[in-house]
Amino acid sequence: MIFSVRFMVGCLLGLCCLPQALAAQQDLSLIRQTAETYARQQTAHLPGQVTVTLGAIEPVQFAPCAKLQAFLPLGAKLWGNSTVGVRCAAGAEWSLYVPVTVRVQGPVVVAARPLASGKLLAAEDLALQTAELTQLPSGVVSDANDAVGKTLSVGVSAGHALRQDMLRAPLVIRQGQAVKLIAQGQGFKVSSEGRALANAAAGQTVQVKTQNGQTVSGVARADGSVEVQY
């Protein structure tokens, strides 16, 4: 009889403590909400239509946290399949990693028809399509103005997405060409003649041999001259 009474008292005490034990666990929905808010904030600047989807969180029992803090794990990038970390910054010590998928629908410049290597691109050579950017190689061109007037370094088929590394700016200086050298510094500006030792597009550095035999480096200008800063 004494055993039965003790057993019943123990059960009643256990039932009374059960809600407290359950309440002492971290709400996983708050972890999920913290991770999602962080992911959306960090991807708000991306071009195009961004979709953020969170994966399932493994059922775990964590001590309640007074302050949740989301972070991006070292080496991670919110692009395609990724991960957002959530740690407890006050009240307990734990962290959890939440799977996140980021999709971005945006404009991509593609070849309107088959284009050969060395082709100087015009507006009619290009078309604009909407694509899933996270599934494409990095450096795809999204604005046709960034491609018009440049030369293709490789041949592409119709519908092929153009990348920045496929494009070459037109040459404004060719090797062996006589060029105008403009040397300038604080309080002076001098012009002379020289001969280019390499090809160069506008903005590129090129070496020039001066009339007295010296070799100097300068920046090619769009007008074919070379600017040397001192």
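The values are calculated or read from the model by the stated rules, or taken from the named source; none is laboratory data. No experiment lies behind these values; they were computed from the predicted model shown. When we count neighbours, we look across all protein chains shown, and the Cβ atoms used for this are built from the backbone with ideal geometry, even at glycine.
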Next on the checklist: Looking only at region 73-88, filter to residues that are among the small types (Gly, Ala, Ser) and at pLDDT below 95; which one of those is farthest from Leu30 (Cα to Cα)?
Outcome noted: Gly75
Checklist entry - When you scan region 142-171, how many residues do you find that are surrounded by fewer than 16 Cβ atoms within 10 Å (Cβ to Cβ), in contact with a Pro (Cβ under 8 Å, 6 or more places away or on another chain) and either touching a residue at least 40 places away in the same chain (Cβ under 8 Å) or more than 19 Å from Gly106 (Cβ to Cβ) (or both)? => result 4
Next on the checklist: List pairs: first residue in region 71-90 and in the same structural domain as Gln41 (by TED's automatic domain parsing), second residue among the basic types (Lys, Arg) anywhere in the structure, Cβ distance under 8 angstrom, at least six positions apart or on different chains.
Outcome noted: Phe71/Arg87; Gly80/Arg103; Cys88/Lys67; Ala89/Lys67; Ala90/Lys67
Checklist entry - What is the number of the single condition among (1) assigned by TED's automatic domain parsing to the domain that holds Ala144; (2) surrounded by 14 or more Cβ atoms within 10 Å (Cβ to Cβ) that Arg113 does not meet? => result (2)
Next on the checklist: Looking at region 147-174 only, could you name the residues that are assigned to a loop (DSSP other than H, G, I, E, B), modelled with pLDDT under 95 and of a type in the set (Ser, Thr, Tyr)?
Outcome noted: Ser153
Next on the checklist: Can you list residue pairs whose Cβ atoms sit under 8 Å apart, with the first residue in region 50-66 being of a type in the set (Ser, Thr, Tyr) and the second being assigned to a loop (DSSP other than H, G, I, E, B) and at pLDDT 95 or above? Count only pairs 6 or more apart in sequence or on different chains.
Outcome noted: none
Checklist entry - Filtering region 28-53 down to residues that are hydroxyl-bearing (Ser, Thr, Tyr) and at pLDDT 95 or above, which residue is nearest to the chain's Cα centre (by Cα)? => result Thr43
Checklist entry - assigned to a loop (DSSP other than H, G, I, E, B) and of a type outside the set (Gly, Ala, Ser) - does that describe any residue in region 82-94? => result yes
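Mind counting the residues in region 172-185 that are over 14 Å from Asp223 (Cα atoms) and without any contact (Cβ under 8 Å) to a residue 24 or more places away in the chain?
Step one: filter region 172-185 for residues over 14 Å from Asp223 (Cα atoms), giving 175-176, 183-185.
Then drop every residue that is not without any contact (Cβ under 8 Å) to a residue 24 or more places away in the chain, which leaves 176.
Counting residues in region 172-185 that are over 14 Å from Asp223 (Cα atoms) and without any contact (Cβ under 8 Å) to a residue 24 or more places away in the chain gives 1.
Report yes if Gly224 is surrounded by 12 or more Cβ atoms within 10 Å (Cβ to Cβ), of a type outside the set (D, E, K, R) and outside the structural domain of Glu132 (by TED's automatic domain parsing), otherwise no. Let's see the steps before the verdict.
Numbers: surrounded by 12 or more Cβ atoms within 10 Å (Cβ to Cβ): yes; of a type outside the set (D, E, K, R): yes; outside the structural domain of Glu132 (by TED's automatic domain parsing): yes.
Against the criterion (surrounded by 12 or more Cβ atoms within 10 Å (Cβ to Cβ), of a type outside the set (D, E, K, R) and outside the structural domain of Glu132 (by TED's automatic domain parsing)), Gly224 qualifies.
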